[in-house]
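Heads up, the thing below is written out as structure tokens.
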Amino acid sequence: MDPPALQLLRRKLIDGNHILHHHGILDAYGHLSVRHPLDPDIFIMSRNIAPGLLASPDDLIEYTVSTGQPLDSSSPGGFVERHIHSEIYARHPDVHSVAHSHAEAVLPYTIAMDVPLRACTHMAGFLGAAPVPVYDVAEHTEDGSDLLVREGTLARELARHFDDGCVVALMRGHGFTVVAERVELAVLRAIYTQKNAVVQTAAMTLCAAVNPPGGNPGRGIRYLSEEEAVAAAHMTRWSAKRPWGLWLREVEESGLYLNQG
Ligand SMILES: [Zn+2]
């Protein structure tokens, strides 16, 4: 029988996948992972299925952090982008959960290079006061890349973006990746990264409506200051259990999701 801590975390990982699907952060693509609760050199993520259909501990694969390869060579096929997760866990020992998303509200900020994503609401203070960095896989590949982070070398470059306390990185023409010290916080950060993008886009639209090109630039958008971002990030860290309880009930009641963990 597996240790209770492992059973609990597997169940939570399945719930987290369902919550992210329910909120449009994951569709048939994207993934969520956790570091093993008893062995930091292992991480756990779904086999190659749509996150909303993940249902059983048998759907989960244990990978070695240092290689991104499954512990059990007979495991079912996994995601080709699992190296995003393995390289982040290898470089950042304090990270215990990683989410990777292609959410549409965030995508414009991965391609509009003159318009950085920035924290503009208190629920997204974890983004920090500086523009969210954008990782461009094409800078590390030959022409004709499909923009997937298929192997360790590419993922290693992405993992550097999480140095110095950065917890979100955008990926050009692709999506974004968030990290956290626990799965509830990774899920919260993924959801509120998308919500912040929606709000920022709306605010920019309002500003453009009253300040057309060539007109008076006006006062523009007021983003969170460094101090505000730090304080707001602290707030979501201690309060993450509240939305998790609500989001869990939503997926339990929806009728779509199954958790046999
Ligand atoms: Zn992806």
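The values are calculated or read from the model by the stated rules, or taken from the named source; none is laboratory data. This one's a predicted model, so the numbers in the text were calculated from it and none came from an experiment. No Cβ is skipped: glycine too gets one built from the backbone with ideal geometry, and neighbour counts run over all protein chains shown. Ligands, DNA and RNA are excluded from the accessible area calculation, which covers all protein heavy atoms including side chains. Shrake-Rupley method; radii C 1.70, N 1.55, O 1.52, S 1.80 Å.
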Problem set entry | Nearest 10 degrees, 0 to 90: helix 226-239 Cα axis against the chain principal axis | 30
For this session: Round to the nearest 10 and give me the degree value, 0 to 90, for the angle of helix 82-91's Cα axis relative to the longest principal axis of the chain.
Result: 80
Seminar exercise, completed: Across GLY78, GLY30, GLY175, the residue with the highest GNM fluctuation in the chain (Cα network, 10 Å cutoff) is GLY78
For this session: For the stretch 67-108 and the stretch 155-216, compute the distance between their C-alpha centroids and round to whole Å.
Result: 19
Exercise. Placing +1 at every Lys and Arg Cβ and -1 at every Asp and Glu Cβ, with all other atoms neutral, what dipole size does the chain have around its Cα centre, in debye to the nearest 20?
Worked result: 800
Exercise. Taking the Cα centre of the stretch 4-251 as the origin and placing charges on Cβ (Lys, Arg +1; Asp, Glu -1), which of PHE43, ALA99, HIS174 is farthest toward the positive end of the dipole?
Worked result: ALA99
For this session: Taking the chain as the reference, fit the longest principal axis to its C-alpha atoms, fit the long axis of helix 241-254 to the helix C-alpha atoms, and give the angle between the two in degrees, 0 to 90, nearest 10.
Result: 70
Exercise. Where in the stretch 176-200 is the amide nitrogen less than 13 Å from a point lying 7 Å along the Cα-to-Cβ axis of SER239?
Worked result: none
Seminar exercise, completed: Sorted largest first, the C-alpha extents of the stretch 13-99 along its principal axes in whole angstrom are 31, 29, 22
For this session: Could you give the spread of the C-alpha atoms of the stretch 121-249 along their three principal axes, from largest to smallest, in whole angstroms?
Result: 46, 42, 30
Exercise. Per residue, what accessible area does the stretch 4-251 have, given a 1.4 Å probe and all protein chains present, in Å²?
Worked result: 46
Problem set entry | Kirkwood Rh, Cα atoms: Rg over Rh of the chain | 0.98
Exercise. Counting only protein heavy atoms, what percent of the accessible surface of the stretch 4-251 is carbon or sulfur at a 1.4 Å probe?
Worked result: 55
